[in-house]
Amino acid sequence: MQIDIFSKLFIAIGVFFILFGLLIKFLKFFPLGNLPGDIYIQKGNFSFYFPVVTSILLSILLSILFLFFNKK
């Protein structure tokens, strides 16, 4: 019984890493993190970056995704 649980867990972790790797590979084609409305301040040797619009867009997309997969 324990071996069955661990095998499913390792398969799920492997699928997660594969999907995460593909996501990282294909996100470079989209300008996320560089959208108009993202805050970037650079003065001297100090830089501050806060992706406001990117965060809002990802929040909306994840909310729709979780709503879609949470249907019973």
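Could you pull out the residue among S47, S55 that is surrounded by 10 or more Cβ atoms within 10 Å (Cβ to Cβ) and not aliphatic (A, V, I, L, M)?
One residue alone meets the criteria, S55.
S7 is checked against (1) assigned to a helix (DSSP H, G or I); (2) modelled with pLDDT of 90 or more; (3) of a type in the set (S, T, Y) and fails just one. What number does that condition carry?
S7 satisfies all of (1) assigned to a helix (DSSP H, G or I); (2) modelled with pLDDT of 90 or more; (3) of a type in the set (S, T, Y) except (2).
Listed residues L27, L67; which is among the hydrophobic types (A, V, I, L, M, F, W, C) and surrounded by 10 or more Cβ atoms within 10 Å (Cβ to Cβ)?
None of the other options fit; the residue is L27.
Can you find, within the range 30-44, the residue that is surrounded by the most Cβ atoms within 10 Å (Cβ to Cβ) among those that are modelled with pLDDT of 85 or more and either within 17 Å of L57 (Cα to Cα) or under 17 Å from the mean Cα position of the chain (by Cα) (or both)?
Per the criteria, the residue is D38.
I'd like to verify a number: residues in the range 10-35 that are among the basic types (K, R) and assigned to a loop (DSSP other than H, G, I, E, B), how many?
Adding up the residues that qualify gives 1.
The values are calculated or read from the model by the stated rules, or taken from the named source; none is laboratory data. Keep in mind that this is a model prediction, so the values were computed, not measured. Ideal geometry is used to build each Cβ from the backbone, glycine not excepted, and the neighbour counts take in all protein chains shown.
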